[in-house]
Amino acid sequence: TALPLPTHLLDGVCISANSLAEHCRWGTRRYRLDSETANSSNDGKLYRLGWLLKAASLIDLTTLAGDDCPSNVVRLCHKARRPFAFAVLDKLEFEHGIDKDELHTAAVCLYPYQLAAAKSALDQIGASNRIRLACVATGFPSGQYGLESRLAEIRWAVEQGANEVDIVINRTLALQGRWSDVYEEVRAMREACGPSVCLKTILGVGELAAYETVYKASLVCMYAGADFIKTSTGKESVNATLPLSLVMLRAISEFHARTGRRVGFKPAGGIRTAADALDYLHLVQFALGPDWLQPNLLRIGASSLLGEIEKSAFRLLIGRDATAGDLPMA
């Protein structure tokens, strides 16, 4: 539900790039996951493994290619349901007491046209109640379409079974400082989703030119009813970065302090290694606290990241690098 927009919060915003960089250094720790430098103690490995499993559970496993078809969508859904090789799953279950049925990604994310294939695949493997069905909409990735066509796209996606819709804001309006227009468009998208569908608003931070604009866009979208704010489409030349993410996290903190509402955060684009993912988890914990480290408040948008996390988990549990035959096809 939207809240009235307090426009005075958008006045006088000034953000120091040097301060952001310093806080990012304090808020993140780079964990080296390769076998040569990993902590050799069992406790150290378990600690590292716990963070890897947490990161995997927060992924929106994504395919947004022009040649997507039902066959690769089905593979994506199977990978989301069984994100690790059987050798890893068996080790986790028999040696660490972790139920392998509880290991899965948070969601799959794709274009609306592929929703039917994804819904069918999740139903067939009994994962519809575990894995959320997300799609992009509203003229993704540019958002440069008329409002009515973008709203129609949301409604069609919901009819096709989407639990979550990742919409893109009109960056032109944001760059022009037309915040009331941004607010009204996102509020209309919130209404088009309906009360039971999660709305994630993609800011396209790499195209917003200034930290201050990112902060204002974050606040406006949250007051308009967004459940999540998301960094990027993954199609921009600059996607998620730690400083841009910290700006958004500070806006989430401000919104929560003023309204009592918790809004989720989703970094996306350019997060390719396990160490990258853990940096974002630690930054979120630093800025918002450990309560945000759960799928209803934190997601990671990625396509190749899960494979890198799987390799890191294999190395920690099996004690060697995985070969091509050790890992299932994605």
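No value in this document is a laboratory result; all are computed from the given coordinates. What you see is a predicted model; the values in this text were computed from it and never measured. Don't worry about glycine lacking a Cβ; one is built from the backbone with ideal geometry, like all the others, and counts go over all protein chains shown.
Given +1 on the Cβ of Lys and Arg, -1 on the Cβ of Asp and Glu, and no further charges, what dipole in debye does segment 201-330 carry about its Cα centre, rounded to the nearest 20?
Rounded to the nearest 20 debye, it is 260 debye.
Could you derive backbone 3J(HN,Hα) for segment 113-120 from the dihedral phi with the Karplus parameters 6.51, -1.76 and 1.60 (θ = phi - 60°), listing whole Hz in sequence and x where the residue is Gly or Pro?
4, 9, 4, 4, 5, 5, 4, 4
Which pairs in the list K91/K200; K45/K200; K45/K119; K54/K230; K266/K311 are over 29 Å apart, alpha-carbon to alpha-carbon?
K91/K200; K45/K200; K45/K119
Run the helix sum for the chain: -39,500 (n - 2.57) per DSSP H stretch of 4+ residues, divided by residue count, reported at 222 nm to the nearest 500 deg cm²/dmol.
Rounded to the nearest 500, it is -14500 deg cm²/dmol.
Note down the magnitude of the dipole of segment 135-194 about its Cα centre, charges +1 on Lys and Arg C-beta and -1 on Asp and Glu C-beta and zero elsewhere, to the nearest 20 debye. Working shown, then result.
Details: 6 positive and 9 negative charges, 32 e Å.
The dipole magnitude comes to about 160 debye.
Only four residue types carry charge here, +1 at the Cβ of Lys and Arg and -1 at the Cβ of Asp and Glu. Report the dipole size of the chain about the Cα centre in Debye, rounded to the nearest 20. Present the calculation step by step, with values, prior to reporting the outcome.
On the way: 36 positive and 36 negative charges, 62 e Å.
For the chain, the charge dipole is close to 300 debye.
Put +1 on the Cβ of each Lys and Arg and -1 on the Cβ of each Asp and Glu in the chain; which of A85, H8, S19 then has its Cα farthest toward the positive end of the dipole?
Farthest towards the positive end: S19.
Out of all Cα-Cα pairs in segment 205-330, roughly what percent, to the nearest whole number, are more than 19 Å apart?
So the pairs more than 19 Å apart make up 51 percent of the total in segment 205-330.
Along the charge dipole of segment 231-317, Cβ charges K/R +1 and D/E -1, which of N239, S312, L298 sits furthest on the positive end?
About the Cα centre, the residue reaching furthest to the positive side is L298.
Using Cα springs under 10 Å in a Gaussian network model of the chain, which residue among A116, A274, A162 shows the largest mean-square fluctuation?
A116
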